[in-house]
Structure formats: structure tokens, C-alpha cells
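What follows is calculated from the coordinates using simple rules that are stated; it is not laboratory data. Everything numeric in this text was worked out from a predicted model, so none of it was measured. For neighbour counting, all protein chains shown are included, and Cβ atoms are generated from backbone atoms with ideal geometry for every residue, glycine included.
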Amino acid sequence: MPALPYSELIAVAVVLFYLLAIGSAIDAVMTVRTAQGAIAWVISLLTLPYLSVPLYLVFGRNRFNGYFEQRAEIEAQTEALSEDTLAAVRQHILPPGDDLPLYNSLRRLARLPATGGNRVELLINGHATFRSIMEGMEGAERYILFQFYIIRDDSLGARIGDILARKATAGVRVYLLYDEIGSPRFNRTPLFRRLQRAGVRLAAFNTTQGRRNRFQLNFRNHRKIVVVDGACAWIGGHNVGDEYLGLSRRGPWRDTHLRLEGPGVMGAELAFATDWRWATQRGIDLEWRFRGDAPGNSAVLIFPSDPASVFEEAGLMYHEVIASARRRIWIASPYFVPDRSIISALQLAALRGVDVRVLIPDRPDKVVVGMANWAFTRELLPAGIRIYRYRDGFLHQKVFLMDDRLA
């Protein structure tokens, strides 16, 4: 069979490339999670196929399909833990109260109920946060669950490592989970090796975990959780690094953490156990029951979210809370980049008389994010939304207040 002329080969290749572009555009419509993303891919694929098809095959195609499958498997494997958690806190579950629609939606999105009888302590800087965490870990008798997005081998990391290593050597079960993207070289540090030798169970949350999952930069585990003996938990915005104590060129570091006692701790444990199962394909050896009496009078709902969920849980939660607000919505965020629907919800809230305020850093840690902050906040001003800039150092806290009911 004679070979096709070069010009005909080029023509066939062009036709095949355009067919691939059309197929990719159809795939984008079917699989990209947002309408804006799907439209952007379709336009670029059909107008600039030679550039867009390779980019789509690498970055856009079926971004989370493998994660959905893996998430379903993890949920099936941790179903017994979820049932045990529910049973352990049953007597502390809060009734719906006056706002049944808000209660029902948040309850179903979180997959756990709100509990009463909790004691919550607000920790408003790194020194207070890590002093509280280290004091709590010093008193650990049975286990420590320790999870952060960033863990540095610096002065703060060494002090925390001393406690974790000493406790593991003394027979306390210590589980440490870090994110592979947030702490890319942590497993090569002297601190990692020291903890390993002491018997600390270490694992990395890996974005490529599971079948058919590829590297996905925005699939990260950004949680910061510490649990001691099922009695106390710490959650919030700090990571483990000297900069979170204000010891960096950015100067003071404004962040917020919470210390939690009570039945709500079980929700933090369940979130950690689910992440540990994802990272290791193994469970954690805990006595899954709430210990002690309800120590306070605060209501707590642990609300974990991730991009492999069936629903966009965090986005739906914000929509529901914004729509339910009657007096105020106050937001603080270092990375205020809301989608169009959230912007519209905030504008509508302000137009119906809700006091809407947004606090962002005056000096962002990332130039591009700072530009995005400014671009998005400008859209809010015409609706009467007030924008504030934090100037005493760097603002890293993520805080959302609704009326006097929810934070």
C-alpha cells in the first residue's frame, strides 16, 4: 500500500486534532464541575485547539472522577466509625430550635449533628495557640492525633517534635499527618527521621492517592487538627512554623485557633480518621467513644469538606448561612476569591439591610492573590458592603460570623 503524501498526512492530522478538540469540548461540558469552567474550556478548545487540547488533557479532563470513586470507598470503610461517633454523642445532639431549615441543611451537609455541652476557648495568636497545644499534648496518656498542612523543621517544629517523640517513646500512640504539597520536603528532614525513630506513625496526604488519580495541585488537605485522648481538640488557621509566631519578615501574624472540649471533639477525630484512611488505606486504633461529661454550654458542628464530595459542601454552606443572616455577616480572609454566586449572595444580603463587612490583608503573602482580593472586593462596594484592610502584620485567619448565632 503506497504511503500518503506529506500534505495529506498533515490534513488527516488536522482533522483528527479538531475531532479531538470537539470530543474534549463535549467531555468538558459533561465533567467540569462549574458552568464557568466548562464554558471557558469549550471556547478555548474550539478556537485554539492546538494550544488548548494538550492543556485540557493534562489539567482539565475528568479532574475529580478518580477522587469521587476513592471518596466513596473511604466513606464506605469509615461508615462504622461514623455510626460509632453518632452513637457516642447521641445524648448531646441539639434539637433543631427555631431555625429548622438552616439546621437541617447544615446537618445534612456536615453528615454529623450539632452537639451541645462543649467548651470553646478562642486563641487569637500563635503564642497562645501553640502554648495551649503543647500543654495539652504534655498531658496525653493514650493517643495524640496531629495533622497540619505545613510542618516545618524549625524552632517551633523542634519544640513540638520533642513532645511528640517523648510521648511516643513513653507508649502514647501518636499519629502525624501532613500534606504532601504543603510540606513537600518534610519527609527528608531530621525532624521527620527523629519522629520515625521514636515510633510516631507518620503519613502524607497524597493528591495522587487512589486509582486513576493524577497530580492535582488544588487537591490538598488544608486541615489543622490536634486531638488528645478524645478529650480536647484544637482546630483553626495556624500551621507549624516560626512565621506563625510572628518570627518572619512579614512581622506580626494574625491568626485564630480554637481549643475544644466536649462531644464536638468526636467530629474532629472522625475527620482525622477519614483523612488517615485516605493517606494510608488503614484505620487508626482508637476506643471510639466520648469520655467525660459535657464541660460547657457551646453548640458545635464539625463541618469537614473536600473537592471530591458529591456536593460542593463549603459553597452550599456559605450560601445557606448568607441567606439566613438578618443582622450581620462579617468575613475575614487572606484569600478572598469568591465565585460569582457568593458575590451575588453577599450583595443581596447587603441590599436587604444586613451589615456585611470583609477584612483582608493590606500586605498579602502572594501578589496575585492580593490583586484578586482587590478585584473581588471592588464589586462589593456599590452594594454598601464595607471593606477593611488589616495593617498590623499579615492576616491569615479565616473567620465568618453570622448574626450572633454562628461563627
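From least to most packed, judged by other beta carbons within 10 angstrom and beginning with the fewest, His222, His257, His238 follow the order His222, His257, His238. Placing R0 at 35 angstrom, the Cβ-Cβ distance between Tyr335 and Glu79 gives a FRET efficiency of 0.55 after rounding to 0.05. Here the Karplus curve 6.51 cos²θ - 1.76 cosθ + 1.60, taken at θ = phi - 60°, turns the phi angles of the range 105-119 into couplings of 5, 5, 4, 6, 5, 6, 6, 9, x, 6, 10, x, x, 8, 10 Hz, with x standing for Gly and Pro. Candidate cross-link partners of Lys366 among the lysines, defined by an alpha-carbon separation under 22 Å and a same-chain spacing of 8 or more, comprise Lys224, Lys398. Sequence-ordered 3J(HN,Hα) estimates for the range 380-392 from the Karplus curve with 6.51, -1.76 and 1.60 and θ = phi - 60° stand at 8, 4, x, 7, x, 7, 8, 10, 10, 10, 7, 10, 8 Hz, glycine and proline given as x.
Cα centroid distance between the range 100-127 and the range 340-361, in Å? The distance from the Cα centre of the range 100-127 to that of the range 340-361 comes to 22 Å. Label separation (Arg357 vs Leu55): 4.0 nm, computed from points 7 Å beyond Cα along the C-beta direction. Normalised by 2.2 N^0.38 Å, where N counts its residues, the alpha-carbon radius of gyration of the range 68-300 equals 1.02. Computing FRET efficiency as 1/(1 + (r/R0)^6) for Arg327 and Ala128, where r is the C-beta to C-beta distance and R0 is 45 Å, gives about 0.95.
Sorting 120-126, 143-149 by their mean Cβ neighbour count within 10 Å, with the most densely packed peptide first, gives 143-149, 120-126. Name the residues whose placed amide hydrogens come within less than 5 Å of the amide hydrogen of Arg328, ignoring near sequence neighbours (fewer than 5 apart) on the same chain. Residues meeting the criterion, in which the H sits 1.01 Å from N, are Asp355, Asp403. The length gained on full extension between Lys398 and Glu135, counted as 0.36 nm times the residue separation minus their Cα-Cα distance, comes to 92.2 nm. Footprinting exposure proxy ranking of Val227, Val337, fewest other C-beta atoms within 10 angstrom first, gives Val337, Val227. Taking label points 7 Å from Cα along the Cα-to-Cβ direction, Leu86 and Arg250 give a separation of 4.0 nm. Report, in deg cm²/dmol and to the nearest 500, the calculated mean residue ellipticity at 222 nm for the chain, where each DSSP H run with n ≥ 4 adds -39500 (n - 2.57) and the sum is divided by the residue count. Helix contribution divided over all residues of the chain: -13500 deg cm²/dmol. Model label sites at Glu379 and Ile39, defined 7 Å from Cα along the beta-carbon direction, differ in position by 1.1 nm. Per-residue 3J(HN,Hα) values for the range 81-86, derived from phi via the Karplus relation 6.51 cos²θ - 1.76 cosθ + 1.60 with θ = phi - 60°, read 5, 4, 5, 5, 4, 4 Hz in sequence order (x marks Gly and Pro). Size descriptors for the range 313-402 (Cα atoms only): Rg and Dmax, in that order, 12.4, 35 Å. A value for log10 I(q)/I(0) by the Debye sum over Cα atoms at q = 0.12, 0.13, 0.14 Å⁻¹ was derived from the coordinates, and within the list (1) -1.22, -1.33, -1.41; (2) -0.99, -1.04, -1.10; (3) -1.09, -1.26, -1.44 it appears as (3). Under the shape rule built on the C-alpha gyration tensor, where the axes satisfy a ≥ b ≥ c, the range 117-196 is oblate, since a/c reaches at least 1.5 while a/b does not exceed b/c.
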